[in-house]
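Chemist: Take a look at this one; I'll ask things after.
The values are calculated or read from the model by the stated rules, or taken from the named source; none is laboratory data. Quick caveat: nothing in here was measured; it's all calculated off a predicted structure. Cβ placement follows ideal geometry from the backbone for every residue including glycine, while neighbour counts extend to all protein chains displayed. Accessible surface areas use protein heavy atoms only, side chains included; no ligands, DNA or RNA. Shrake-Rupley method; radii C 1.70, N 1.55, O 1.52, S 1.80 Å.
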Amino acid sequence: MTLPGVLGDLCRGVLEASWAEGQRRGVRFAYTRPSPSRYPWQWYWDSCFAAISWRRFEPRRSRIELETLLAAMRDDGFIGHVVFWDRPISLWRLTYYNVSSRRAEMTATIQPPLLAWAWRIAVGDPAAEPRIARHHRWLRANRDLDGDGLLWIVQPDESGLDASPKFDPVWGPRSQAGWGFPLLVARNRRLGWDARRIRDRGHPVLCEVLTNVLWGLARIAAGEPSITPALVDRLWDERHGLFLDEVQPGGARPLVSTWAALSPLALPDLPERIGRRIIEEHLLDPARYWLAVPPCSVSAQEPSFEPNRARGWKLLYWRGPTWVNAAWLLWLGLRRLGYDDEAGRLADRLAPVVAREGLREYYDPRNGEGLGARDFAWTSLIMELADPDPPGP
Ligand code: GLC
């Protein structure tokens, strides 16, 4: 069998085995668990990635997956980053999950809001679904703190990048890799996870690059004005050739090179000059991101680079290993800007690793060893690289 054939079987098998369905107080749900043994609930961005993958195997499920996120939406348009459809969270998780109580039906925090983009790729025109417009209205009203279209987050996990070292200078010991994370959760719980209240009390809020890249893609998909010019204005750092987050209050711009700093490559309207600079100075540099199994999630030149410390201590996620969703988003930029050989090489290095190790949460960028959760659904995005351009919805 060909490599795409082997991978296709593997991905379909994991997606099917991770499918959960049922009813909660009369509301039907069906979604892909990010990893049945480790992440049993519905996670917002995992679901969007799973929906994108489902279109290759059973397109009906792409719509059902995203409709389940919409079914969790509050009347005001808010959708939490984890939805507890079929079982409440355990007591010990209460200390570091963003919920107001154990009875909460979902967290009170967001994840990168790419639903409309996933809908466009896998289902159809998001402008034809009024609930998506309502969701976008909530995000604008509550998280666009400066009126330029960019969103602000109140905790590291809102970006999906949890323990990334780029959050260490922002939240210090309260960052997700630190001992004090439960204190951050407790404080934000008291402030209702309200971004304006948090900022106005002098606590950090962050205009984070990746969140805004995925939000930007969602807006373009929904036919709303692009925020790419605002992203370039606010977060592009000409001196280092990277996109860097902004912290408020204070305006600090921590200089930590992670793949998020390169992620605007996924934007279709990123100025070409900027895209080429990111690719040539950073992504393709064998001392930074282009290791044996690229792209590592943190530049290998960062002192915090930890490609394989996740085994003992789960909280060291995101500090170096290679993630397939990241690989795909950066690959999109390589292809768009005509780096076809490099895009092909990325696929040629990553696809056999996934076939050998199975769908793991992440991989050691030096030797491809599979790490973290098993049967990890969004790693099925490997099909985007291994078999580009399947028929659309
Ligand atoms: C981890 C990841 C987050 C993901 C979740 C479920 O918390 O950091 O991005 O959504 O697992 O896979």
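Chemist: So for the range 9-62, what percent of the C-alpha to C-alpha distances run longer than 15 Å?
Modeler: The calculated P(r) of the range 9-62 puts 45 percent of pairs beyond 15 Å.
Chemist: To one decimal place, what orientation-averaged projected area in nm² is obtained for the convex hull of the Cα set of the range 170-284? Walk me through the numbers on the way to the answer.
Modeler: Values: hull surface 32.9 nm².
So the Cα hull casts an average projection of 8.2 nm².
Chemist: With the cut-off at 1.5 for a/c, could you classify the range 34-149 from its C-alpha gyration tensor as rounded, prolate or oblate? Each step should come with its number before you reach the end.
Modeler: Numbers: a/c = 2.09, a/b = 1.15, b/c = 1.83.
Verdict is oblate for the range 34-149.
Chemist: When only DSSP loop residues count, what chymotrypsin sites (Phe, Trp or Tyr not before Pro) in the range 257-333 have their Cβ near at most 12 other Cβ atoms within 10 Å?
Modeler: Working: sites: Trp259, Tyr289, Trp290, Phe305, Trp313, Tyr317, Trp318, Trp323, Trp328, Trp331; in loops: Tyr289, Trp290, Phe305, Trp313, Tyr317, Trp318, Trp323.
Here the sparse-neighbourhood loop sites are Trp313.
Chemist: What value, in deg cm²/dmol to 500, does the helix sum -39500 (n - 2.57) over DSSP H runs of n ≥ 4 give at 222 nm once divided by the residues of the chain?
Modeler: -11500 deg cm²/dmol
Chemist: Oh, and also: Do me a favour and compute the ellipsoid semi-axes for the chain from its Cα gyration tensor, root of five times each eigenvalue, largest one first, whole Å.
Modeler: Each semi-axis is √(5λ); the values are 27, 26, 22 Å.
Chemist: Could you work out which residue, out of Pro88, Pro113, Pro264, moves most in a Gaussian network model of the chain, that is, has the largest mean-square fluctuation with Cα springs under 10 Å?
Modeler: Largest GNM mean-square fluctuation: Pro88.
Chemist: Here is a further query. Of all the accessible heavy-atom surface of the chain, with the other protein chains kept in place and a 1.4 Å probe, what percent is carbon and sulfur?
Modeler: The C+S portion of the solvent-accessible surface of the chain is 50 percent.
Chemist: With a ≥ b ≥ c the root eigenvalues of the C-alpha gyration tensor of the range 205-346, is it rounded (a/c under 1.5), prolate (a/b larger than b/c) or oblate?
Modeler: It comes out oblate by the Cα gyration axes.
Chemist: Still on this structure, I have one more. Which of these, Ser159, Ser101, Ser226, has the largest mean-square fluctuation under a Gaussian network model of the chain (Cα springs below 10 Å)?
Modeler: Ser101
Chemist: From the phi angles alone, apply the Karplus equation (6.51, -1.76, 1.60; θ = phi - 60°) to the range 132-143 and give each ³J(HN,Hα) in whole Hz, x where the residue is Gly or Pro.
Modeler: Running phi through 6.51 cos²θ - 1.76 cosθ + 1.60 with θ = phi - 60° gives 5, 4, 5, 4, 5, 5, 4, 4, 5, 5, 10, 10 Hz.
Chemist: Output the relative contact order of the range 1-141, whole-number percent, from Cα pairs under 8 angstrom with separation of 6+ residues.
Modeler: Contact order relative to length: 22 percent.
Chemist: Quote the relative contact order of the chain in percent (integer), defining contacts as alpha-carbon pairs under 8 Å separated by 6+ residues.
Modeler: Working: 745 pairs, mean separation 66.2, N = 393.
Normalised by residue count, the contact order of the chain is 17 percent.
Chemist: Would you mind giving the three semi-axes, in whole Å and largest first, of the ellipsoid equivalent to the range 1-101 according to its Cα gyration tensor?
Modeler: In descending order the semi-axes read 27, 16, 11 Å.
Chemist: Moving to a separate point now. Provide the per-residue ³J(HN,Hα) series for the range 115-129, in order, calculated from phi with Karplus coefficients 6.51, -1.76, 1.60 and θ = phi - 60°, each as a whole number of Hz, with x at glycine and proline positions.
Modeler: In residue order, the calculated couplings are 3, 5, 5, 4, 4, 4, 6, 10, 10, x, 8, x, 5, 7, 10 Hz.
Chemist: Given a Förster distance of 30 angstrom, what is the FRET efficiency for Asp389 paired with Ala133, based on the Cβ-Cβ distance and rounded to 0.05?
Modeler: 0.55
Chemist: What residue among Glu58, Glu306, Glu280 shows peak mean-square fluctuation when the chain is described by a Gaussian network model with Cα springs under 10 Å?
Modeler: Between Glu58, Glu306, Glu280, it is Glu280 that shows the largest mean-square fluctuation.
Chemist: Restricting the count to DSSP beta bridges whose residues both fall in the range 3-384, what percent are antiparallel, rounded to a multiple of 5?
Modeler: 100 percent
Chemist: While we're looking at this one, here's another question. With contacts defined as alpha carbon pairs under 8 Å and 6 or more residues apart, what's the relative contact order of the range 106-229 in percent?
Modeler: Over the range 106-229, the number comes to 36 percent.
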